[in-house]
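Right, one structure below, let's go through it.
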Amino acid sequence: MRKQKGVKMAVIRKLKSGKWQVIIRKSNHKSIYKTFIEKAVARKWSRTVETQIEKDVYTDYGNAETITIKDLIIKYRDEIVPEHKAKKSTTHKLNKLLRYDVANQFVLRLRSSHVYNFQKKLESEGSAPKTINIYVQLLHQIWNTTKKKWSINLPAQSPFELVTLDKVDNERDRVLTYKEYDALIASAAESKLLLLRDFIEILYSTGARYSEVMNLLRDDVDFEKKVGTFRDTKNGDDRTIPLADNVLEILKRYPFGKTFFRVTSYDSYNWFFNQACKRAGIENFRSHDLRACFITNALLSGMSEASVAAISGHKDYRSMKRYTRIKAQDLIDDVNRISTIRELKKINS
């Protein structure tokens, strides 16, 4: 065994198990141990590490070699997520991640191909591109947290840097006709999720997000003033909105509890919602589109953009615009009204 620049060349010894153990020692550095099945592989690895040490480019991954992606997901879920605003939904996503093959990979062996296979699996299950991207980005966030916050040595190049996210088309023009809405309400009334009909009507009548209505506190509804306050909304602000009579009547049907509604999870609610749409013969419609229905109907009713934005919680019309789905046929009565006014002015002039 010879020394070179403070490095003792590797010792390779056979263990009782029949495997081969490599031991590399360096001054002022903890010893490096690794076990192999074949001696030739052990010798090749030791030479590579010795060269890296001599060039001062060696990184010790010893604290990561036995860690799986599953271990990191659980650690992230239990240590990081409790501080998140969306901790409930994020925890649900992480628990779902644990069921996929990508979670069983050792962190040092994770490759972009594993992530691509995960994307394909989600796609085969019917997940939308946006949903798939959310899960991939969540894994990427866990990888970054592992390096930066937990100081676990990982390869310099992240496998996620080689992964292309699915293209997402955020442009949607789907709103319910009044006939479709009536059909959806009738279908929801038959759901085993007993609150589904009322919940849909509130979303349709307020333009609120699912989480805002689900977390609406009883103490934040003033039945006399006919207003309700959503706390700590998506943009970080509280928002007080007027509540229509039909909304107040629905809330009165749920007199118990700190909040009005209780659902196991959004995925559970969404499953029942999609089943109701299917029974009603409604295609290409999501629960979040109910928000666009309210905004579109409010603007068509003559409400000002500023008033609608105050209710929906958008900071300006530009951010609200993508929820505005007014079509040409919605404006036929308005343009005819212009012609009628013009003709009346001619007669009176």
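The values are calculated or read from the model by the stated rules, or taken from the named source; none is laboratory data. Worth saying up front: this structure is predicted, and the values here are computed from it rather than measured. Backbone-built Cβ (ideal geometry, glycine too); neighbour counts: all protein chains shown. Side chains included, ligands, DNA and RNA excluded: accessible areas come from the protein's heavy atoms. Shrake-Rupley method; radii C 1.70, N 1.55, O 1.52, S 1.80 Å.
Residue by residue, here is whether (1) farther than 30 Å from TRP271 by Cα; (2) assigned to a helix (DSSP H, G or I) holds:
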residue: PHE118; (1), (2): no, yes
residue: LYS121; (1), (2): no, yes
residue: THR131; (1), (2): no, yes
residue: TYR135; (1), (2): no, yes
residue: THR146; (1), (2): yes, yes
residue: PRO155; (1), (2): yes, no
Near pairs, Cβ below 9 angstrom, 6+ apart or cross-chain, from the stretch 70-85 (within 16 Å of ARG99 (Cα to Cα)) to any residue that is at pLDDT 90 or above and not in a helix (DSSP H, G or I): LYS70/LEU98; LYS70/GLN105; ILE73/LEU98; ILE74/LEU98; ARG77/LEU98
So ARG291, is it assigned to a helix (DSSP H, G or I), modelled with pLDDT of 95 or more and either in contact with a Gly (Cβ under 8 Å, 6 or more places away or on another chain) or surrounded by 13 or more Cβ atoms within 10 Å (Cβ to Cβ) (or both): no
Filtered residues of the stretch 206-217 (kept if open to solvent by 30 Å² or more (accessible area, probe 1.4 Å) and among the hydroxyl-bearing types (Ser, Thr, Tyr)): TYR210, SER211
Selection from the stretch 181-212 of residues that are in contact (Cβ under 8 Å) with a residue 12 or more places away in the chain, closer than 23 Å to ASP245 by Cβ and acidic (Asp, Glu): ASP198, GLU201, GLU212
Filtered residue count, the stretch 82-133, keeping only those that are buried (at least 17 other Cβ atoms within 10 Å of the Cβ) and under 17 Å from THR164 (Cα atoms): 9
In the stretch 272-287, the residues that are part of a loop (DSSP other than H, G, I, E, B) and surrounded by 14 or more Cβ atoms within 10 Å (Cβ to Cβ): ILE282, PHE285, ARG286, SER287
Verdict on THR206 being polar (S, T, N, Q), at pLDDT below 90 and either under 30 Å from ALA276 (Cα atoms) or under 26 Å from the mean Cα position of the chain (by Cα) (or both): no
Test result for THR51, at pLDDT below 80 and either acidic (Asp, Glu) or in a loop (DSSP other than H, G, I, E, B) (or both): no
Pick from the stretch 218-271, criterion part of a loop (DSSP other than H, G, I, E, B) and open to solvent by less than 30 Å² (accessible area, probe 1.4 Å), ranking: nearest to THR91 (Cα to Cα): SER265
Condition met for LYS70 (open to solvent by 60 Å² or more (accessible area, probe 1.4 Å), under 20 Å from ASN144 (Cβ atoms), part of a helix (DSSP H, G or I) and modelled with pLDDT of 80 or more): yes
Residue match in the stretch 149-170 (condition: in contact with a Ser or Thr (Cβ under 6 Å, 6 or more places away or on another chain), open to solvent by less than 90 Å² (accessible area, probe 1.4 Å) and of a type in the set (S, T, N, Q)): yes
Cross-chain or 6+ apart pairs with Cβ under 7 Å, the stretch 278-306 first and within 17 Å of TYR204 (Cβ to Cβ), then part of a loop (DSSP other than H, G, I, E, B) and small (Gly, Ala, Ser): ARG291/GLY207; PHE294/GLY207; ILE295/GLY207
